[in-house]
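A short write-up of the structure that comes next.
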Amino acid sequence: MMKKMLRTLLIALLLLVMLVLIPSGTIIAQAEVVELDLNAKAGVKPYAEYYNGDWEYEDPSISVKIEKGRIYDTNYVVAHVKIANASQIRSTMAQSYYQPSTLMGTSMAKRVNAVLAINGDFFSSRNGVGYVARQGKVYRTKCNGDYDVLIIDDKGDLHIFKNATNADIEAFEGTVVNGYTFGPGLVIDGVRQTGYVDMDNAALKSAQRMCLAQIGPLEYLCIASEGPEDPGSVGMNLEQFSELVASFEGVQNAYNLDGGSSTTMVFKNDKVNSPNNPKRRPLCDILYFACAYQPD
């Protein structure tokens, strides 16, 4: 009897200590969602039990839901992504900035344990122009005012600089994690952009397109449209694509990434956009969303 009373007393004391040490309102399970190191080569591997069919994934650190749509005689897919902390929106290169090479997007996504991945800006194709930053390291600041630049900061927020110059980038007061030069901006500070100039983004041409958009804190849309090489689709020019992107509720900032045959969205280590188009281009880089859930 005495042993039983002592055991009950010890349990009560333990519970009392926990109540004192753990702040009010704390959710103990949050300790299982980690912040990924900036230099980590990969995220936590997604868990098979958290997939819901071929188009959804949700664990305590990230949710992804992919849907299909059609507009302007063209099919598109949109992935709605929400993450627990900013370290989960990341980038990786096929090899390195100084030794640029290409690799299929599916291979890169698998290598880094991506829950969802999209193509980046093909940084090696711009002949040394623009702004390039990856995982906190700045590789290039040579903005000539011709391109819109996207910066993703340490809070996971998107910032778009229209016709960016070096002075614009240097004046940014936040902490840069990733920076891209392709563009243009499709929505900037909630305002849909128009009047696109036909540069090397084929603004006036019907083509495959890729967009990264932010709709709230740590909440994003990735939108990929098909092109004229896809059966049943004619593709979109930038005016049409920006209209599609702006039609989604809550879009604050949206940026056009590399398109054409580079347009790649990877989920469950498989390319899920343009499924009937056999033409696939290897990429220099991807932007991806990682799992950060580590149960005890």
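Among the residues making up the range 191-220, those that are more than 23 Å from residue 123 (Cα to Cα), of a type outside the set (A, V, I, L, M, F, W, C) and not in a loop (DSSP other than H, G, I, E, B) are 192, 216, 219.
Annotation: of all residues in the range 130-154 being within 15 Å of residue 201 (Cβ to Cβ) and out of contact with any Lys or Arg (no Cβ under 9 Å at 6 or more places or on another chain), the one that is surrounded by the most Cβ atoms within 10 Å (Cβ to Cβ) is 150. Of the residues making up the range 165-190, just one is within 16 Å of residue 153 (Cβ to Cβ), assigned to a loop (DSSP other than H, G, I, E, B) and in contact (Cβ under 8 Å) with a residue 60 or more places away in the chain, namely 189. State whether the residues of the range 256-265 include one that is open to solvent by less than 10 Å² (accessible area, probe 1.4 Å), among the hydrophobic types (A, V, I, L, M, F, W, C), modelled with pLDDT of 95 or more and part of a strand (DSSP E or B). Yes, that holds for at least one residue. If you scan the range 268-287, which residues turn out to be surrounded by fewer than 24 Cβ atoms within 10 Å (Cβ to Cβ) and closer than 26 Å to residue 85 by Cα? Correct list: 268, 269, 270, 271, 272, 284. Listed by position, the strands (runs of 3 or more DSSP E) enclosed by the range 47-151 that each have at least 2 residues that are of a type in the set (S, T, N, Q) and at pLDDT 95 or above are 74-83, 89-93.
Of all residues in the range 184-203, those being under 20 Å from residue 227 (Cβ atoms) and touching a strand residue (DSSP E or B) at 6+ places or on another chain (Cβ under 7 Å) number 3.
Look at (1) over 14 Å from the mean Cα position of the chain (by Cα); (2) surrounded by 16 or more Cβ atoms within 10 Å (Cβ to Cβ) and you find that residue 67 fails only one, number (2). Residue 98 meets all of the listed conditions (1) among the aromatic types (Phe, Trp, Tyr); (2) open to solvent by 50 Å² or more (accessible area, probe 1.4 Å); (3) touching a residue at least 60 places away in the same chain (Cβ under 8 Å) but one, namely (3). Scan the range 106-126 and report the pairs whose first residue is closer than 18 Å to residue 63 by Cα and whose second residue is part of a helix (DSSP H, G or I), with Cβ atoms within less than 6 Å and a gap of 6+ or a chain change. So the pair list comes out as 117/109.
Of the conditions (1) farther than 12 Å from residue 122 by Cβ; (2) out of contact with any Asp or Glu (no Cβ under 8 Å at 6 or more places or on another chain), residue 282 satisfies every one except a single condition; which number is it? Result: residue 282 passes all but (1). All conditions in (1) at pLDDT 95 or above; (2) more than 22 Å from residue 54 (Cβ to Cβ); (3) open to solvent by less than 50 Å² (accessible area, probe 1.4 Å) hold for residue 243, with the sole exception of (3).
The values are calculated or read from the model by the stated rules, or taken from the named source; none is laboratory data. Just so you know, these numbers come straight off a predicted model, no measurement behind them. No Cβ is skipped: glycine too gets one built from the backbone with ideal geometry, and neighbour counts run over all protein chains shown. Note: areas computed on protein heavy atoms with side chains; ligands, DNA, RNA excluded. Shrake-Rupley method; radii C 1.70, N 1.55, O 1.52, S 1.80 Å.
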